[in-house]
């Protein structure tokens, strides 16, 4: 009699866990479909041509220590990253971040030797 009760209890547990799994699977599918609907409703950000953003920009000067040279220019979204090269004693080992639309230097990262 006790074995029969354990058998039915085990059956009920397995069926209950199966129902829980199905409910959780339905919740996951519902969440995915809801996210897909939200993604379809989003509009892409308007792309402003570079010529429009640079309207009125003529030129700018970036101060560079004497003896340094421009080693690399890397565009990064709306910024330019300038890597300088030259003797470390003159402070040439640095990266300059420039906003070309405003014609301004936003910051510098100076590399100094440790030792």
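The values are calculated or read from the model by the stated rules, or taken from the named source; none is laboratory data. Predicted model, so just to flag it, every value in this text is computed and none were measured. As a convention, Cβ positions derive from the backbone with ideal geometry for all residues, glycine included, and neighbour counts pool all protein chains shown.
Scan segment 55-72 for residues that are surrounded by 11 or more Cβ atoms within 10 Å (Cβ to Cβ) and at pLDDT 75 or above and jot them down.
If the condition is that a residue be surrounded by 11 or more Cβ atoms within 10 Å (Cβ to Cβ) and at pLDDT 75 or above, then 62, 64, 65, 67, 68, 70, 71 are the ones that fit.
Which pairs do you get when a residue that is assigned by TED's automatic domain parsing to the domain that holds residue 60 and at positive phi, found in segment 70-99, comes within reach of a residue that is part of a strand (DSSP E or B) and crowded, with 16+ Cβ neighbours inside 10 Å, reach meaning Cβ atoms under 9 angstrom, with the pair 6+ apart or on two chains?
Within 9 Å, the pairs are 91/84.
Is one or more of the residues making up segment 4-20 within 32 Å of the chain's Cα centre (by Cα) and at pLDDT 75 or above?
Checked against the condition, which is being within 32 Å of the chain's Cα centre (by Cα) and at pLDDT 75 or above, segment 4-20 yields no hits at all.
Could you tell me how many of the residues in segment 73-115 are under 20 Å from the mean Cα position of the chain (by Cα), surrounded by 11 or more Cβ atoms within 10 Å (Cβ to Cβ) and part of a loop (DSSP other than H, G, I, E, B)?
Going through segment 73-115 one residue at a time, the tally reaches 1.
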